[in-house]
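A short reminder: the numbers here are calculations on the coordinates, not readings from a lab. This one's a predicted model, so the numbers in the text were calculated from it and none came from an experiment. In this analysis, Cβ positions are derived from the backbone assuming ideal geometry, glycine residues included, and neighbour counts consider all displayed protein chains.
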Amino acid sequence: MTGADASDEGLKGLQVLIVEDEGPVALLIEDMLEDLGCTVVGSAASVAEALRLVEAGGYDVALLDVNIAGQSVLPVAEALVRRGAPFAIASGYGPAGVPDSLRRVPVIQKPFRRQELEDALCAALG
């Protein structure tokens, strides 16, 4: 899928859950997603809040920061895997900052551009 195809077809209308503890970064991600035609249906700044939103459902794909307020996002990722929900990970450390159990998940390194976000979400959606 090319970037143009993804934004025109693959991501348009998608409901996205964001798990990011830094407010300005979360807002930037929301703006990028809106530019791609997505709707942000939830944003969590803690693992507990993220777990509640994951269980509530109502999203097509999620984007997880690897470290949320000093805690690993692994419990959230495991909850998404149990639900069969696709997700991608954003990390300031790139793939090196992701636990081995999540190596199959698309990872983008912060800071990232809109195209990288789009590509990661398309990869998560398969």
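How far, in degrees from 0 to 90, does helix 74-83 lean away from the longest principal axis of the Cα atoms of the chain, to the nearest 10?
The answer is roughly 60 degrees.
Need the full-extension length gain, Thr39 to Arg113, defined as separation in residues times 0.36 nm minus the C-alpha distance. One decimal, nm.
Taking Thr39 through Arg113 to full extension adds about 24.8 nm, to one decimal.
Fewest first, what order do Val61, Val25, Val76 take by the number of other Cβ atoms within 10 Å? Intermediate values should be presented prior to the final figure.
Values: Val61 21, Val25 16, Val76 26.
By the 10 Å Cβ count, ascending: Val25, Val61, Val76.
Roughly what angle does helix 114-125 make with the longest principal axis of the chain, taking Cα atoms, 0 to 90 degrees, to the nearest 10?
Result, in degrees: 70.
Quick check on region 65-126: take the gyration tensor over C-alpha atoms, sort the square-rooted eigenvalues as a ≥ b ≥ c, and tell me if it's rounded (a/c under 1.5), prolate or oblate.
Taking the square roots of the gyration eigenvalues as a ≥ b ≥ c, region 65-126 is oblate.
Counting DSSP beta bridges with both partners in region 3-125, what percentage is antiparallel, nearest 5?
Of those bridges, close to 10 percent are antiparallel.
Taking 0.36 nm per residue of separation and subtracting the Cα-Cα distance, what length does fully extending Arg83 through Lys12 add?
This chain segment gains 23.3 nm when fully extended.
What is the set of long-range amide H partners of Phe87 at a cut-off below 5 Å, with H atoms built 1.01 Å from backbone N?
Sorted by chain and number, the residues that satisfy this are Ala62.
Starting from the Cα gyration tensor of region 3-125, multiply each eigenvalue by 5, take the square root, and state the resulting semi-axes largest first in whole Å. List each step's numbers first, then the result.
Values: eigenvalues 77, 48, 40 Å².
For region 3-125, the ellipsoid semi-axes come out as 20, 16, 14 Å.
Please compute the contact order of region 61-126 in relative form: average sequence separation of alpha-carbon pairs under 8 Å and at least six residues apart, divided by the residue count, as a percent. Let's see the in-between values first.
Working: 89 pairs, mean separation 21.3, N = 66.
It rounds to 32 percent for region 61-126.
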